[in-house]
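Asker: This is the structure I want to talk about, given as structure tokens.
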Amino acid sequence: MPMRRHVGPAVLLIWLLCAMEVRAERGARPQVRTVYQDPGPGDASEIYREVRERRVLEGLRNLVSDLRLPRTLTLRMAGCGGEPNAWYVPRERTVTVCYDYIRDVRERAPSTVTPDGLTRQAAIFGGLAQVFLHEVGHALFDILDIPVLGREEDAADQFAALVVLRLPPAKARRVIDGGAHLFRSFTAEETAVQAVLADSHGLFAQRLYNLLCLAYGSDRRAFAYLVDRASLPSERAVECAAEYGQAADAMDRMLYRHLRGARLGRGQIRRAFRWIF
């Protein structure tokens, strides 16, 4: 019986994060479309111009270029009438992120460096990474027909965290801290009413601690400050290495058969990181 070549979760997510060019077969239909919807005059127009210049959606397209997608995925940014939102529609196979969400993340970012050392740029960057990667996770689960045990919203959060945690430690820390800041800002506004408790998403406080736990579990030395500052309770921290290992192994097993198969190095990770955001 031939042996199956093992590819660890680190290699898998390196592939996923770092594909810098779409290697579509000649003559094949494009697997990922990008659409920047013009919001017209108003507050969103400046953000519209900026994300087009930065080619943010092209970065996300490159994020999934090493996966064999059986159907075309559309990545779209649009004005949403002032509503900060992002979603994935399975029947249309379309991810939509509102320009208004980007504005909201910017407004929640600190104007100066926080006592914990979080910069405004890191808060914006990390928050947006969480939003974009979460929605891409939903899309991949659907298009690749990946089974999800439990709430898909939790799995999408895990996907986003696992991708970020394959970055070099210093960059991963900044992005994780920025994502945590976004969750923390939502937590301050959340009330335990029925509509919130019944939502398909977990409470933002739970999502925050899950994110911090995955980070700490991935590298206890690099993320020791999360426990030292009491951001992550020590009672939860003892379980985090196992939680990270379980999540990373599950993602490896689910996505392995969909990979094209090119191994990429650390230098390409850093370039992809700058390119995407």
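The values are calculated or read from the model by the stated rules, or taken from the named source; none is laboratory data. Not measured: the values here are computed from a predicted model. For neighbour counting, all protein chains shown are included, and Cβ atoms are generated from backbone atoms with ideal geometry for every residue, glycine included.
Asker: Which residue is farthest from Val95 (Cα to Cα), if the candidates are limited to the stretch 126-146 and must be of a type outside the set (A, V, I, L, M, F, W, C) and in a helix (DSSP H, G or I)?
Answerer: Within the stretch 126-146, the match that is farthest from Val95 (Cα to Cα) is Gly126.
Yes/no per residue for (1) within 24 Å of Glu153 (Cα to Cα); (2) modelled with pLDDT of 95 or more; (3) among the aromatic types (Phe, Trp, Tyr):
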position	(1), (2), (3)
Pro9	yes, no, no
Leu12	yes, no, no
Tyr36	no, yes, yes
Val56	yes, no, no
Asp66	yes, no, no
Met77	yes, yes, no
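Asker: Moving to a separate point now. Looking at the stretch 162-172 only, could you name the residues that are surrounded by fewer than 23 Cβ atoms within 10 Å (Cβ to Cβ) and touching an Asp or Glu at 6+ places or on another chain (Cβ under 9 Å)?
Answerer: Selection gives Pro169, Ala172.
Asker: When you look at Thr94, is it among the β-branched types (Val, Ile, Thr) and either surrounded by 17 or more Cβ atoms within 10 Å (Cβ to Cβ) or touching a His at 6+ places or on another chain (Cβ under 6 Å) (or both), yes or no?
Answerer: yes
Asker: Further question: Evaluate the following for Glu46: is it more than 22 Å from Ser185 (Cα to Cα) and surrounded by fewer than 13 Cβ atoms within 10 Å (Cβ to Cβ)?
Answerer: So Glu46 passes the test.
Asker: Quick check on my filter: what residues within the stretch 68-93 are closer than 15 Å to Ile143 by Cα and more than 16 Å from the chain's Cα centre (by Cα)?
Answerer: Those that are closer than 15 Å to Ile143 by Cα and more than 16 Å from the chain's Cα centre (by Cα): Arg68, Leu69, Pro70, Arg71, Thr72, Leu73, Thr74, Val89, Pro90, Arg91, Glu92, Arg93.
Asker: Now a separate question. Please note which helices (runs of 4 or more DSSP H) are completely contained in the stretch 147-215 and include at least 1 residues that are at pLDDT below 95 and either touching a strand residue (DSSP E or B) at 6+ places or on another chain (Cβ under 7 Å) or under 23 Å from Val238 (Cα atoms) (or both).
Answerer: Hits in the stretch 147-215: 152-164, 169-187.
Asker: Return the total of residues in the stretch 216-253 being among the basic types (Lys, Arg) and either touching a Gly at 6+ places or on another chain (Cβ under 7 Å) or not in a helix (DSSP H, G or I) (or both).
Answerer: Of the residues in the stretch 216-253, 3 are among the basic types (Lys, Arg) and either touching a Gly at 6+ places or on another chain (Cβ under 7 Å) or not in a helix (DSSP H, G or I) (or both).
Asker: Within the set of pairs 6+ apart or on separate chains, which have a first residue in the stretch 159-183 that is more than 20 Å from Pro110 (Cβ to Cβ), a second that is of a type in the set (S, T, N, Q), and C-beta atoms under 7 Å apart?
Answerer: Ala160/Gln130; Leu165/Ser218
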